[in-house]
Amino acid sequence: MDKIEYANSLSNGDLVDVINMIAPRLMVWEKQNGISHLTEIESACLNGAAVQLNPMRDDESERPKPITREFLYGVLAGMFHQDTWHCSKTEDGLVEVRFYVSK
């Protein structure tokens, strides 16, 4: 079996496993603040029907933080008058924001 046939025989889950095994040998070009540079691959995972490559981040502050109700409340409080919106948490843990518009 040649390399192309082997690669085409892999499922996306198998491909994720292979990429994770060789991730220390992989890099991708990434653009940040208008500057392109090589970034190492930390891991791969499934994202719907595609394989997602996750770039390595040196600094924990660069990792996206989950948006909490408190964070969102702070942002909204600084941008809108208190009477125009309401922020709450749904039963399934989602943050819900309602804006009130006067006619």
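Annotation: of all residues in the stretch 27-37 being of a type in the set (A, V, I, L, M) and within 10 Å of Pro55 (Cα to Cα), the one that is nearest to the chain's Cα centre (by Cα) is Val28. With respect to being at pLDDT 70 or above and assigned to a loop (DSSP other than H, G, I, E, B), Glu91 fits the description.
For a quick check of your reading of the model, give me the residue pairs whose first member lies in the stretch 38-65 and is under 21 Å from Arg25 (Cα atoms), whose second is modelled with pLDDT under 75 and not in a helix (DSSP H, G or I), with beta-carbon atoms closer than 7 Å and at least 6 apart or on different chains. Pairs that qualify, where the first residue is under 21 Å from Arg25 (Cα atoms) and the partner is modelled with pLDDT under 75 and not in a helix (DSSP H, G or I), are Arg57/Arg63. Only a single criterion out of (1) out of contact with any helix residue (DSSP H, G or I) (no Cβ under 6 Å at 6 or more places or on another chain); (2) modelled with pLDDT of 70 or more is not satisfied by Arg63, namely (2).
Check the stretch 2-9 and report whether any residue there is at negative phi and either surrounded by 13 or more Cβ atoms within 10 Å (Cβ to Cβ) or in contact with a Leu (Cβ under 7 Å, 6 or more places away or on another chain) (or both). The answer is no; no qualifying residue exists.
Candidates are the residues of the stretch 44-60 that are modelled with pLDDT under 70 and assigned to a loop (DSSP other than H, G, I, E, B); the one that is surrounded by the fewest Cβ atoms within 10 Å (Cβ to Cβ) is Asp59.
The values are calculated or read from the model by the stated rules, or taken from the named source; none is laboratory data. Given the structure is predicted, the values throughout are model-derived calculations rather than measurements. Positions of Cβ are backbone-derived with ideal geometry, glycine not excepted, and every protein chain shown enters the neighbour counts.
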